[in-house]
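The values are calculated or read from the model by the stated rules, or taken from the named source; none is laboratory data. Just so you know, these numbers come straight off a predicted model, no measurement behind them. When we count neighbours, we look across all protein chains shown, and the Cβ atoms used for this are built from the backbone with ideal geometry, even at glycine. All accessible areas refer to the heavy atoms of the entire protein, side chains included, with ligands and DNA or RNA removed. Shrake-Rupley method; radii C 1.70, N 1.55, O 1.52, S 1.80 Å.
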Amino acid sequence: MYPSPQPEAAAHATPDEFRAALSQLAAGVSLVTVHDPEDGEDIGMTATSFLSVSLEPPLVLISVREDSRMDEVLARVDTWAVSVLTEGQKTTGSRFAMKGRLSDRLLFADTPHHRGPATGAPLIEGALATVECRTEQRIPAGDHTLLLGRVLEAVVPDPGGRPLLYFRGGYRTLG
């Protein structure tokens, strides 16, 4: 039996080391959306942290930056949606990922979408898939909040489409 090495002090990867290591993991690009009934606004954010958790019951997980507008709204509103973007929707992904961007109202005005029947959240036209959810649990995790969502509706309007991927700090496509 070999003992585990015991570091003298608890070592942690630096943010740059962590970012470099995880940039080697390809991730699908999604747009997380919510309709805020309090002010009638739609809010959207590009996410690469969207994943399946369970088939029975159908559960997914998203990660949002703590103290962001999205986190603030999702603390009050328990329904939201995710649109899985296609390789042709790079501009949409980029626009909703920009820091200091235009208002979400202007971004949605230029982005073809319709309202989800289960959540009222915007669903992006031409997405590979759309998933509407109700928050089951909020989990604090470092500088982010994880939201575990029960899937209310799941639609695949384009089963032959190709995904938009994020890899090594940039958008990529298959092939």
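Observations
- Some residue of the range 62-71 being open to solvent by less than 80 Å² (accessible area, probe 1.4 Å) and more than 14 Å from the chain's Cα centre (by Cα): no
- Pairs with Cβ under 9 Å, 6+ apart, first in the range 10-30 and within 24 Å of S94 (Cα to Cα), second hydrophobic (A, V, I, L, M, F, W, C) and part of a helix (DSSP H, G or I): V29/A97
- Residue within the range 98-108 that is at pLDDT below 95, hydrophobic (A, V, I, L, M, F, W, C) and farther than 25 Å from E66 by Cα present: no
- Hits in the range 143-170 (condition: touching a helix residue (DSSP H, G or I) at 6+ places or on another chain (Cβ under 7 Å) and under 24 Å from R69 (Cα atoms)): T145, L147
Rundown of residues vs (1) part of a strand (DSSP E or B); (2) in contact with a Leu (Cβ under 9 Å, 6 or more places away or on another chain), yes/no style:
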site	(1), (2)
E17	no, no
A21	no, no
Q24	no, no
L31	yes, yes
H35	yes, no
E38	no, no
M45	yes, yes
V53	yes, yes
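- Count of the range 133-175 residues, restricted to those that are under 30 Å from D16 (Cβ atoms) and not β-branched (V, I, T), is 20.
- Test: residue in the range 39-48 that is buried (at least 17 other Cβ atoms within 10 Å of the Cβ), of a type in the set (S, T, N, Q) and in contact with a Cys (Cβ under 9 Å, 6 or more places away or on another chain): no
- Flag if E17 is open to solvent by 40 Å² or more (accessible area, probe 1.4 Å), farther than 23 Å from Q137 by Cβ and out of contact with any Asp or Glu (no Cβ under 8 Å at 6 or more places or on another chain): yes
- Single residue of V53, V77, V84 found to be hydrophobic (A, V, I, L, M, F, W, C) and under 11 Å from the mean Cα position of the chain (by Cα): V84
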